[in-house]
Amino acid sequence: MPPIDSSLKNRIVIVSRMNFLHGIILSILALGLVAVPATARAQVTSGEQNPHFADTPSRADAASLQKKAAQAQARIRANKDDRDELMRAVKTNEVPSAKQVLLRNGFTPEDLENAKITLRTGGGKGGEDEIEISATCCDPKEITIRRSLEYFTK
C-alpha cells in the first residue's frame, strides 16, 4: 500500500471531525424532536392549562349577571302575575317554573345554562312578603331567589 502524504492525511482528519460534529448535531436535533412531542402529550393528558389562556370569568360577567338579577327583581315586583308565580315556585321548590319567570324578566338562556338556582324561603321581616334575587358568577354560576314571609304558614 502506498504511503499517505501529509496533505491527504490532514483532509481525512478534517472530514472525520466534520462527520463527527455533524453526527453530534444530528443526534441532538433528533433527541429534541422526540422530546418535544412527548412533553406536549404529557401536558395534554395531564389536563394542565396555561392560566393565561384558560376561560376565566371576568368581573364584567359577574357584574352583568348581578345587574340582570337586580333588573329582573324590579320587573317581577312590578308585575303581579310574575311575582305570584315566582312566590309559588319558591314555596313549592319548582325550579323550572322559577326559570320561566326569570327568562321572561331579563335573563337569557345562556345566563341560566349550567347555573345552580337556589330557591329559599326566609323568615318574617315585619310584614314584608317580597322576592329578592341575587346572582354570583362563575364556577359555579349561582342564582338565589329568596322569598321573605310574614309568617311561615303562608
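Since Thr153 meets every condition but one in (1) at pLDDT below 85; (2) in the same structural domain as Ser64 (by TED's automatic domain parsing), which condition does it not meet?
(2)
Checking Cys138 against (1) at pLDDT below 90; (2) of a type in the set (A, V, I, L, M, F, W, C); (3) in a helix (DSSP H, G or I), only one condition comes out false. Which one?
Looking at each condition in turn, Cys138 falls short on (3).
For the stretch 76-85, what are the residues that are surrounded by 14 or more Cβ atoms within 10 Å (Cβ to Cβ), under 18 Å from Leu119 (Cα atoms) and not aliphatic (A, V, I, L, M)?
Arg77, Asp82, Arg83, Glu85, listed by residue number.
The values are calculated or read from the model by the stated rules, or taken from the named source; none is laboratory data. Owing to the predicted nature of the structure, the values given are computational and were not obtained by experimental measurement. Reconstructed Cβ throughout: ideal geometry from the backbone, glycine too, with neighbour counts over all protein chains shown.
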